[in-house]
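Written out below as structure tokens is the structure these notes cover.
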Amino acid sequence: RLNVAPGVAYYFLVDGTQKVWAEGGYDGQYDVRRDEAILASPTPVAKTRYLNNVRTYLGFDSKVYDNVGVLMDLEYLQNVEDASTFRLIFDAGVSAKIAAKFVVSTTFTVRYENRPLPGVQNTDTTGAVNIVYTLL
């Protein structure tokens with residue numbers, strides 16, 4: 001997969017503890033499918049696909065306390081060639097510094113596509129817990 005996404009951003013709020021911003025632009029995505037995925041599809045699909053999308057994005061980043069941060073964002077991708085096809089991506093995360101060099105973070109992602117490939121669900125969720133140690 002190759003992705004190209006030029007655009008512009010506007011920051012509504014930027015101070016020492018919070019940021020709120022919006023982005024807009026183009027999102028081009030070129031996919032090359034594996035032969036196994038093509039054979040597994042219940043309907044014919046092409047080996048390659050290029051998607052032209054208009055992209056909008058809203059982001060929020062805040063330090064709730066000195067050692068705790070929250071990050072949330074919402075992205076909307078509208079297909080240019082087929083107006084009935086779109087995707088939504090929502091991310092939320094919390095990170096907490098528990099020691100001088102240790103940070104624990106949790107993330108949750110929801111990805112929705114209204115017209116996925118045949119046999120693929122339209123909504124996917126992912127959660128993660130990460131423990132980060134800073135060497136330097």
*asked:* Over the chain, with a Gaussian network built from C-alpha contacts below 10 Å, which listed residue (PHE90, PHE108, PHE12) shows the highest mean-square fluctuation?
replied: PHE12
*Tally Lys and Arg at +1 and Asp and Glu at -1 over the other residues with C-beta under 12 Å from the C-beta of TYR30: what net charge comes out?*
+2
*List the aspartates and glutamates whose alpha-carbon lies under 12 Å from that of LYS63, not counting same-chain residues fewer than 8 positions away?*
ASP15
*Would you please give the residues with an amide H less than 5 Å from that of VAL80, counting only those at least 5 places away or on a separate chain, with H modeled from the backbone geometry?*
ASN52, ASN53, VAL54
*Per DSSP H run of n ≥ 4, the term is -39500 (n - 2.57); total these for the chain, divide by its residue number, and report the mean residue ellipticity at 222 nm rounded to 500 deg cm²/dmol.*
-1000 deg cm²/dmol
*Rg to Rh, two decimals, where the chain supplies the alpha carbon set and Rh follows Kirkwood*: 1.06
*asked:* Could you give the length gained by full extension between VAL129 and LEU74, i.e. 0.36 nm per residue of separation minus their alpha carbon distance, to one decimal place?
replied: 17.8 nm
*Exposure of TYR133 as accessible area (Å², to 10), given a probe of 1.4 Å and all protein chains*: 120 Å²
*If you plug each phi of the range 90-95 into the Karplus form 6.51 cos²θ - 1.76 cosθ + 1.60 with θ = phi - 60°, what whole-Hz ³J(HN,Hα) values come out, in order, with x for Gly and Pro?*
10, 10, 9, x, 10, 10
*Multiply the residue gap between TYR112 and GLN29 by 0.36 nm, knock off their C-alpha separation, and tell me the result in nm, one decimal place.*
28.2 nm
*Within-14-Å neighbourhood charge of ALA92 [Cβ basis; K, R +1; D, E -1]*: -3
*Given springs between every Cα pair under 10 Å in a Gaussian network model of the chain, which of TYR26, TYR11, TYR76 has the largest fluctuation?*
TYR11
*Could you name the lysines whose alpha carbon sits less than 23 Å from that of LYS47, not counting residues in the same chain fewer than 8 places away?*
none
*Which loop GluC sites (Glu not before Pro) in the range 29-136, with loop taken from DSSP, have no more than 12 other Cβ atoms within 10 angstrom of their Cβ?*
GLU81
*Could you pull the accessible area for LYS101 with a 1.4 Å probe, rounded to 10 Å²?*
80 Å²
*Averaged per residue, what accessible surface does the range 39-82 expose to a 1.4 Å probe, in Å²?*
64 Å²
_Please report the carbon-and-sulfur percent of the accessible area for the chain; probe 1.4 Å, protein heavy atoms only, DNA, RNA and ligands left out._
61 percent
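The values are calculated or read from the model by the stated rules, or taken from the named source; none is laboratory data. The shown structure was predicted, so the numbers you read here are calculated from the model rather than taken from an experiment. Don't worry about glycine lacking a Cβ; one is built from the backbone with ideal geometry, like all the others, and counts go over all protein chains shown. These area figures cover heavy atoms from the full protein model, side chains too; ligands, DNA and RNA do not enter into them. Shrake-Rupley method; radii C 1.70, N 1.55, O 1.52, S 1.80 Å.
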